[in-house]
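Reviewing the structure listed below.
The values are calculated or read from the model by the stated rules, or taken from the named source; none is laboratory data. Here the structure is a predicted model, which is why all the values come from computation and not from measurement. Note: ideal-geometry Cβ built from the backbone for every residue, glycine included; neighbour counts use all protein chains shown.
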Amino acid sequence: MTASDDAPAVPVPDRPTILAALRLAARAPSVHNTQPWRWVLDGTRLHLYTDADRVLTSTDPRGRQLVISCGAMLHHARTAFADRGWHTDTVRLPVSQQPDQLATILFRPWPDPPDGVHTRALAIDHRRTDRLPMVAPRGFDGILPGMRMLSSPHGVELDVLDESARPRLAAASQQTEALRRDDMFYQTEMDWWAGHPDTPEGVPPSALVSDAEFARVGIGRAFPSAPHSMRRDHIEDQARLVVLSTDGDSVMQWLRTGEALSAVLLECTAAGLATCALTHITELPTGRKLLANLISRAGTPQVVIRVGTAPEDSEMIPPTPRRPLTDIFTVVGSH
């Protein structure tokens with residue numbers, strides 16, 4: 001008998017559990033719904049990599065939003081595994097010479113995760129990016145402490161902007177889009193990723209808004225316009241504006257921002273609230289500077305989130321498409 005024969009087996013979920021957890025986790029939000037992640041199982045460990053083919057070279061040349069997207073996927077995956085009884089011991093940026101490897105997960109049984117894990121796991125399938133006008137978020141003050149508690153372990157601060165900041169942020173949003181309007185590469189990239197039906201990626205027509213609907217929101221990325229419609233025509237947007245910020249602007253902080261973003265979005269969804277994460281304002285220095293002056297402490301703004309309540313007479317926003325699991329998950333070695 002060899003020493004390796006004596007070694008206790010490393011606990012790993014069975015294949016159906018891994019596939020089910022990753023299939024659910026793939027519902028994570030990502031910039032332009034690019035889904036820029038890859039998972040590799042090496043027998044005992046699960047590794048998260050970026051997908052370099054999905055970098056938005058004009059919109060996101062540093063890959064900041066790509067890494068934030070992967071961070072959201074990482075948190076979704078850890079939530080899905082926890083709900084299935086598995087603790088995920090996670091090493092972030094495990095190999096400095098491999099910048100595309102963002103995390104490595106080792107598993108151990110977790111028979112009694114906190115109740116909130118199950119609630120957030122259930123919310124994964126119900127979360128949508130809602131670009132339409134919203135009414136004020138019901139019960140917002142009640143869940144705000146929980147949102148902050150979920151963000152802080154990731155080194156991410158959560159600020160709620162005062163209503164007086166809305167006109168300034170709307171102006172910054174419009175200025176960002178004006179600067180982008182004549183950027184041929186940006187517009188070509190946008191047209192590639194948005195507005196096409198029957199594809200497993202990108203922002204489909206069903207997730208877009210008309211010019212009239214967009215005008216009543218005022219703060220958002222200008223995607224290709226949907227055909228004229230007047231959904232929720234009786235309201236002007238009353239969503240609260242939440243900012244996630246970090247102490248610096250490193251790859252680790254981008255990854256942690258994505259994890260915090262996932263936790264906040266799922267917490268809001270579980271509370272029956274609608275959300276829309278926005279990164280376009282933080283793409284250019286002018287927008288970042290404005291946001292930095294609006295938050296309560298020195299920091300680097302990463303993401304703005306609109307949080308509101310969808311009117312009760314609203315139609316359910318359909319889910320955006322997802323790539324097949326075979327495109328994002330591979331197995332090497334034996335399992």
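Does Ser164 satisfy the criteria of being in a helix (DSSP H, G or I), surrounded by fewer than 14 Cβ atoms within 10 Å (Cβ to Cβ) and either touching a Leu at 6+ places or on another chain (Cβ under 7 Å) or free of Cβ contacts under 8 Å to residues at least 24 places away in the same chain (or both)?
Values: in a helix (DSSP H, G or I): yes; surrounded by fewer than 14 Cβ atoms within 10 Å (Cβ to Cβ): yes; either touching a Leu at 6+ places or on another chain (Cβ under 7 Å) or free of Cβ contacts under 8 Å to residues at least 24 places away in the same chain (or both): yes.
Judged against the criteria, Ser164 is a match.
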Is there a residue being at negative phi and surrounded by fewer than 16 Cβ atoms within 10 Å (Cβ to Cβ) anywhere in segment 254-272?
-> no
Hey, Ser152 hits all of (1) over 24 Å from Asp237 (Cα atoms); (2) touching a residue at least 40 places away in the same chain (Cβ under 8 Å) but one; which does it fall short on?
-> (2)
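If I filter segment 262-273 for residues that are at pLDDT below 95, more than 14 Å from the chain's Cα centre (by Cα) and closer than 25 Å to Ser206 by Cβ, do I get at least one hit? Before you say what the answer is, go through the steps one by one.
Step one: of segment 262-273, the residues at pLDDT below 95 are none.
Within segment 262-273, none of the residues are at pLDDT below 95, more than 14 Å from the chain's Cα centre (by Cα) and closer than 25 Å to Ser206 by Cβ.
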Residue that is nearest to the chain's Cα centre (by Cα) [pool: residues in segment 279-313 that are part of a loop (DSSP other than H, G, I, E, B) and surrounded by 17 or more Cβ atoms within 10 Å (Cβ to Cβ)] | Thr279
Would you please list the contacts, defined by Cβ atoms under 6 Å and residues six or more apart or on different chains, that run from a residue in segment 44-61 that is within 25 Å of Arg180 (Cα to Cα) to a residue that is surrounded by fewer than 20 Cβ atoms within 10 Å (Cβ to Cβ)?
-> Leu56/Glu189; Ser58/Phe185; Ser58/Tyr186; Ser58/Glu189; Thr59/Glu189
Count, please, the residues in segment 76-95 that happen to be closer than 15 Å to Ala20 by Cα and of a type outside the set (S, T, N, Q).
-> 10
Within segment 211-237, residues being touching a residue at least 24 places away in the same chain (Cβ under 8 Å) and either within 20 Å of Asp183 (Cβ to Cβ) or within 22 Å of the chain's Cα centre (by Cα) (or both) number 10
What do you reckon, is Ala121 touching a strand residue (DSSP E or B) at 6+ places or on another chain (Cβ under 7 Å) and surrounded by 15 or more Cβ atoms within 10 Å (Cβ to Cβ)?
-> no
Does any residue of segment 194-213 turn out to be touching a Pro at 6+ places or on another chain (Cβ under 6 Å), on the phi > 0 side of the Ramachandran plot and either among the small types (Gly, Ala, Ser) or in a helix (DSSP H, G or I) (or both)?
-> yes
Entirely in segment 25-102, the strands (runs of 3 or more DSSP E) that have 2 or more residues that are among the β-branched types (Val, Ile, Thr) and either buried (at least 17 other Cβ atoms within 10 Å of the Cβ) or touching a Ser or Thr at 6+ places or on another chain (Cβ under 6 Å) (or both) | 86-92
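For Ala239, indicate whether it is buried (at least 20 other Cβ atoms within 10 Å of the Cβ), at negative phi and small (Gly, Ala, Ser).
Details: buried (at least 20 other Cβ atoms within 10 Å of the Cβ): yes; at negative phi: yes; small (Gly, Ala, Ser): yes.
Yes.
Which residue out of Arg108, Arg131, Arg138 is under 18 Å from Gly220 (Cβ atoms) and basic (Lys, Arg)? Quick ask: steps written out before the conclusion?
Values: Arg108 fails: under 18 Å from Gly220 (Cβ atoms); Arg138 fails: under 18 Å from Gly220 (Cβ atoms).
Step by step, each of Arg108, Arg131, Arg138 is checked, and only Arg131 is under 18 Å from Gly220 (Cβ atoms) and basic (Lys, Arg).
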Qualifying positions in segment 175-210 - of a type outside the set (A, V, I, L, M, F, W, C), over 18 Å from Thr34 (Cβ atoms) and either within 20 Å of the chain's Cα centre (by Cα) or exposed (fewer than 12 other Cβ atoms within 10 Å of the Cβ) (or both) | Arg181, Asp182
